[in-house]
Amino acid sequence: EWPKARVCALAAALAEADGYTAELEPAGGDKDVVLGRPGEPRPHVLVCCVAGGAGTLPAKRVRELFGTLTADGVEVGWFVAPAGFSTEARSYAAQHNIRLFDAEALLAQLRDLPPVVVPQVLGRLG
């Protein structure tokens, strides 16, 4: 049941722990987090997030992210939806270089972090 802002903060913190720079975007836009690599001017990944209570994400939302990727000239997208994705959304994402993160994927990423980094990531959630 996490609100969207908390899901975005977790996505950004996990990406930063993996060496990305993360910039949270203003609410209401086509993307929620822009990920880059230090010293590189162009974004590497655009991230969209939904609240934990939003339910299973349909393919339409994943197609919208692909449109944003195309418009922004970015090749990789991530969609973070703790409640999961429809079968059609998963299929579309697999064909269009979009990585999907449901609650299980987020927990797996947290488990894979070095123990010293976990408090830093969780501390960003407020």
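So the values come out like this:
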{"quantity": "Relative contact order (percent, whole number), region 52-103, Cα cutoff 8 Å, 6+ residue spacing", "calculated": "44"}
{"quantity": "Rounded to the nearest 20 debye, dipole of region 86-126 from Cβ charges on Lys, Arg, Asp, Glu", "calculated": "120"}
{"quantity": "Electrostatic dipole magnitude of the chain [Cβ: Lys, Arg +1; Asp, Glu -1; Cα centre; debye, to 20]", "calculated": "140"}
{"quantity": "Built amide H within the under 5 Å cut-off of residue 51, gap 5+", "calculated": "4"}
{"quantity": "In nm, spacing of pseudo-spin labels at residue 5 and residue 64 (7 Å Cα→C-beta vector)", "calculated": "2.0"}
{"quantity": "Spacing of the two label points (7 Å from each Cα toward its C-beta) at residue 44 and residue 111, in nm", "calculated": "2.5"}
{"quantity": "Along the chain, longest interval not containing exposed GluC sites (Glu not before Pro), exposed being DSSP loop plus at most 16 other Cβ atoms within 10 Å", "calculated": "2-74"}
{"quantity": "Residues of the chain: accessible area per residue with a 1.4 Å probe, Å²", "calculated": "54"}
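The values are calculated or read from the model by the stated rules, or taken from the named source; none is laboratory data. Please read all numbers here as calculations on a predicted model, not as lab measurements. We place every Cβ from the backbone using ideal geometry, glycine too, and count neighbours over all the protein chains shown. Remember, those area values only see protein heavy atoms, side chains included, never the ligands or the DNA or RNA. Shrake-Rupley method; radii C 1.70, N 1.55, O 1.52, S 1.80 Å.
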